[in-house]
Amino acid sequence: MLHRPLSSLRPSWFKTILSLPLHPFSLNSSLSSMATPRSQPPSTAAPLSPIEPGRTRIGWIGTGIMGASMCTRILAAGFSVTVFNRTAAKAQPLVALGANYGQSPADVAAASDVLFTMLALPSDVRSALLDTALPNLPQNSVSVDMTTSEPALALEIASFAAARGCVALDCPVSGGDTGARNGTLAIFAGGDETQIHRLGPLFKCLGTVHYMGGPGLGQQAKLGNQVAIASTMVGMVESLIYAHKAGLHLGTFVRAIAGGAAGSRSLELHGSRVLRRDMEPGFIVEHFVKDLGIALRECERMAVSLPGLALAQQLYVSLKANGEGRLGTQALVLALERVNNTRLSGP
């Protein structure tokens, strides 16, 4: 019995294919052309316009402690900005720097390609965006809410904006008044990743962007950040109470622990303020109580138990109950001084 070589059994067309030169990615290219019929028209989606000073119109609603500093940095970068604040006097320093003043959130939205909001409460966000601004925002514009708010509300805003041909991003920040002034905020971004990258020239004025995922996940990341801060603040103040009772010099103590494992951003920002009894707000107690309350409601929804968060929230609520809600979060020391019937010595 004769045995023919396998190659002789291959049809001539197979030999021809084997003789063709190979090119990188030729298979993928072929599959792609097979998957998309040649008769399909090319995409007609308009390219995203670049974000540029002198071209991109910026709107800013909310010019409190954080918002005013953040908006100032965008003005300094050369962008045209229209601002609004419920207390008009708080926006006047920005007007003096060249901002236009809108008479309402609707006016600001109508004049904006990118609309920022930095407000106090979720109810403020709902009123400013859903009830007033978004219905007047031009198509293809972007809304960027930098308020610490409710994840479910962020999802609702994103859906509402999409139905109007716009995009809404939830981008709360961390870093306090110092970060706002210096442009070193941590920005937790949720929503369309392409749009977040597109807004890079604006975010660069404010800090560093961390993309967290789809709509609502920027808010979830910020709430997790607040959980970490809450327990850290309690630990920091408790350590000062302990050192004071033990007879240590508090200034020396703070400098000693700052360089070790007990060092933290909270200690860096607030340690010296506590010792000077400087309670001026970088971030006020009332807003922190709001943030921690949202986090606790999310914990209940997810069936998560965080006792450290609950304790911190109760201590901050006690400050609010004592009329200290407009002080900075470092005022936590006042609550723990009352619990221990003591008062910290100076730096």
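Summary table
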{"read-out": "Some residue of region 147-158 being among the acidic types (Asp, Glu) and within 22 Å of the chain's Cα centre (by Cα)", "value": "yes"}
{"read-out": "Pick from region 311-326, criterion open to solvent by 10 Å² or more (accessible area, probe 1.4 Å) and under 23 Å from the mean Cα position of the chain (by Cα), ranking: farthest from residue 220 (Cα to Cα)", "value": "326"}
{"read-out": "Qualifying helices (runs of 4 or more DSSP H) (wholly inside region 252-347; at least 2 residues being closer than 21 Å to residue 151 by Cα)", "value": "285-302, 307-321"}
{"read-out": "Residue in region 140-158 that is open to solvent by 10 Å² or more (accessible area, probe 1.4 Å), acidic (Asp, Glu) and farther than 12 Å from residue 172 by Cα present", "value": "yes"}
{"read-out": "Region 188-201, residues that are in contact with a Pro (Cβ under 8 Å, 6 or more places away or on another chain) and part of a strand (DSSP E or B)", "value": "188, 190"}
{"read-out": "Residues of region 110-126 classified as out of contact with any Pro (no Cβ under 8 Å at 6 or more places or on another chain) and either in a helix (DSSP H, G or I) or open to solvent by 10 Å² or more (accessible area, probe 1.4 Å) (or both), total", "value": "10"}
{"read-out": "Residue within region 162-170 that is buried (at least 23 other Cβ atoms within 10 Å of the Cβ), within 13 Å of the chain's Cα centre (by Cα) and outside any strand (DSSP E or B) present", "value": "no"}
{"read-out": "Qualifying residue in region 279-296 (condition: free of Cβ contacts under 8 Å to residues at least 60 places away in the same chain, more than 23 Å from residue 65 (Cα to Cα) and either of a type in the set (Phe, Trp, Tyr) or surrounded by 15 or more Cβ atoms within 10 Å (Cβ to Cβ) (or both))", "value": "yes"}
{"read-out": "First in region 68-79 and under 13 Å from residue 93 (Cα atoms), second anywhere and assigned to a helix (DSSP H, G or I) and acidic (Asp, Glu), Cβ under 7 Å, 6 or more apart", "value": "69/177"}
{"read-out": "Matching residues, region 100-109, being open to solvent by less than 10 Å² (accessible area, probe 1.4 Å) and either in a helix (DSSP H, G or I) or among the hydrophobic types (A, V, I, L, M, F, W, C) (or both)", "value": "108, 109"}
{"read-out": "Considering residues of region 260-276 that are open to solvent by 60 Å² or more (accessible area, probe 1.4 Å) and more than 17 Å from residue 181 (Cβ to Cβ) only, the residue farthest from the chain's Cα centre (by Cα)", "value": "276"}
{"read-out": "Qualifying position, being surrounded by fewer than 22 Cβ atoms within 10 Å (Cβ to Cβ), among the hydrophobic types (A, V, I, L, M, F, W, C), assigned to a helix (DSSP H, G or I) and within 22 Å of the chain's Cα centre (by Cα), among 134, 130", "value": "130"}
{"read-out": "Residue in region 216-238 that is within 28 Å of residue 132 (Cα to Cα), open to solvent by 30 Å² or more (accessible area, probe 1.4 Å) and at pLDDT 95 or above present", "value": "yes"}
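Okay, residues lined up against (1) hydroxyl-bearing (Ser, Thr, Tyr); (2) under 24 Å from residue 72 (Cα atoms):
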| residue | (1), (2) |
| --- | --- |
| 123 | yes, no |
| 126 | no, no |
| 131 | no, no |
| 137 | no, yes |
| 147 | yes, yes |
| 150 | no, no |
| 159 | yes, no |
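The values are calculated or read from the model by the stated rules, or taken from the named source; none is laboratory data. As the structure is a computational prediction, the values presented were derived from the model and not from experiment. Counting neighbours? That spans all protein chains shown, and the Cβs are built from the backbone with ideal geometry, glycine included. Only protein heavy atoms, including side chains, enter the accessible area calculation; ligands, DNA and RNA are left aside. Shrake-Rupley method; radii C 1.70, N 1.55, O 1.52, S 1.80 Å.
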